[in-house]
Amino acid sequence: MTPVDYAKSQVSSFLEEVGKLRDSEFPYPNSQTVVLEIEAVLVKQQEYLAKISATTDKQVIENLCASSVDAVSYYLPLLGFILRSTNVRNAFEIYGPLLHLVKTVLGTKTKLILSSEWSYSPFTYFGVNNLPEYVFIGFPAPESSNPLLIPIAGHELGHSVWNVQSLRTKYAQRLEDSIINQIKARWSEYLKYFDDIKQEDLASDWVARQTWEAALQWGLMQCEEAFCDLVGLRLFGESFLYSSAYLLSPSRLGQRSPEYPNTKRRIADLIEAANKYNIQIPPEYSSQFENISESQISLEVFLTSLADEASLSVRNQMIDEAKSILDGCNVIYSDSGKVLSLYESFKAAVPGSNAGCLADILNAAWKLELDPSVLNYLTQVHSKTAFIKELVLKTIEVFEYEQILKA
């Protein structure tokens, strides 16, 4: 067999797997259509490989084989993600309202795939090749049926907003300026690592730029993560704060990634934004969190500190940016009156109605979850958490039905 035969076989095996998945029972149409679109991409690769002949240029053959094998490797994890979207562990009730929210923020052509991930961090694919209209959001498998964590989808949606709005490009120059100014202010410290660079070359010389490029990239990644937190907060209000605490407040072992703000910094950003967005902050909220251990490598510590300060320098602008973008999409935000009404329904063990938005339901759900008196009068309930989950999912179904009637 030749490399061409191997490539043909790999693509053929992939398409066989797609055929099996295509025959699955899909809970919503977007999962089915994305399978067909991925299949079309690999069928095209198969057609290219079939055209290879004895007279085909060697370089062309190598390129076709490489692109075909790369396509198999690229789309295979996505295929697994789509397969998991059909699993009954997912809370299918949340799909419709979440799809409506995604379309409100990103446009009516947007398609959503909601699934579970075998990782305890929520996950998103965005900007997928040949699938620009799709947003893929994954929840940790043990939590994929937990409606109390739906607000975390707001953070994952934020990645798509960041990408669509080209915010990386928008903030790059400001972060670069901040990093260069910091280096000049800490020149003696910088010279400990790079003693052959001149200040006047920091911005213009390629070699000099490479000494701080990592700080710029880390700073931009920190900005993206911080912005995504702001999107989640703006969309879901207090329930995003509680969901974040659920996932972040137990202290983590290991070392902090410089691509993320450290935990206490993330929480400080959220509190600053909550004050500006008029969102109530839970009592002693920041005391629940601990920072992850920092690197002990001196150069990495120095570059991380540059990234931290640079990303912090645009925090207020990003808080305003998230608000402006979402307000411009005519997002409906949570209303305290509706939250209280839903909460009273929940306390009576009755699914709520007349919610103005998904956030109303989730804010009321967390209010119930944190009410220590609930089980005192719901004596027939053995598990408060299971009771709340079921009640919230039923309420979300009612909400979707009401929205359909309005439409």
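Just the C-alpha atoms of segment 276-407: what Rg/Rh do they give, with Rh taken as the Kirkwood radius? Provide the component values of the computation, followed by the final result.
Numbers: Rg = 20.5 Å, Rh = 18.3 Å.
Value, to two decimals: 1.12.
By per-residue mean of other Cβ atoms within 10 Å, what is the highest-first order of 160-166, 232-238, 354-360?
232-238, 354-360, 160-166
Summarising the amide proton neighbourhood of Lys111: residues at separation of 5 or more, or on other chains, whose placed amide H is nearer than 5 Å comprise Tyr134, Val135. Could you calculate the FRET efficiency of Glu300 with Glu200 from 1/(1 + (r/R0)^6), where r is the beta carbon distance between them and R0 is 30 Å, rounded to 0.05? Calculated value: 0.70. Between Tyr260 and Glu390, residue separation times 0.36 nm minus the direct Cα-Cα distance comes to 43.4 nm. The residues packed around Val392, meaning those with a beta-carbon under 12 Å from its beta-carbon, carry a net charge of -2 if Lys and Arg are +1 and Asp and Glu are -1. For segment 3-150, the normalised intensity computed at q = 0.11, 0.22 Å⁻¹ comes to -0.48, -1.34 (log10 of I(q)/I(0), Debye sum over alpha carbons, equal scatterers, no solvent). Normalised Debye scattering of the chain at q = 0.06, 0.12, 0.14 Å⁻¹ gives log10 I(q)/I(0) of -0.31, -1.05, -1.25, counting only Cα atoms as equal scatterers and leaving out solvent. Here the residues Ile332, Ile137, ranked from fewest to most Cβ neighbours within 10 Å of their Cβ, fall in the order Ile332, Ile137. Peptides 187-194, 82-89, 318-325 ranked from most to least packed by the mean count of surrounding Cβ atoms within 10 Å: 318-325, 82-89, 187-194.
Cross-link pairs exceeding 23 Å between alpha carbons, from the set Lys109/Lys276; Lys8/Lys51; Lys264/Lys347; Lys264/Lys384; Lys276/Lys338; Lys184/Lys323: Lys109/Lys276; Lys264/Lys347; Lys264/Lys384; Lys184/Lys323. Run a plain Debye calculation on segment 336-406 (Cα atoms as equal point scatterers, no solvent) and give log10 I(q)/I(0) at q = 0.12, 0.15 Å⁻¹, rounded to two decimals, same order as the q list. Relative scattering, expressed as log10 I(q)/I(0), comes to -0.28, -0.43.
Which percentage, to the nearest 5, of the DSSP beta bridges contained in the chain is antiparallel? Walk me through the intermediate numbers first.
Working: 3 of 11 bridges.
About 25 percent, rounded to the nearest 5.
With 0.36 nm allotted per residue and the present C-alpha distance subtracted, the Tyr6-Ser353 stretch has 119.2 nm of extension available.
Working note: Karplus 6.51/-1.76/1.60 with θ = phi - 60° gives segment 294-309 the couplings 8, 4, 9, 7, 4, 5, 5, 4, 4, 5, 5, 5, 5, 5, 4, 5 Hz, where Gly and Pro are set to x. Placing +1 on the Cβ of each Lys and Arg and -1 on the Cβ of each Asp and Glu in segment 163-328, which of Ala214, Gly237, Val164 has its Cα farthest towards the positive end of the resulting dipole? Of the candidates, Gly237 comes out farthest on the positive side.
Readers should treat all values here as calculations from the given coordinates under stated rules, not as data from a laboratory. In this text, all values refer to a predicted model and were calculated from it rather than measured experimentally. Cβ: placed from backbone, ideal geometry, glycine included. Neighbour counts: every protein chain shown.
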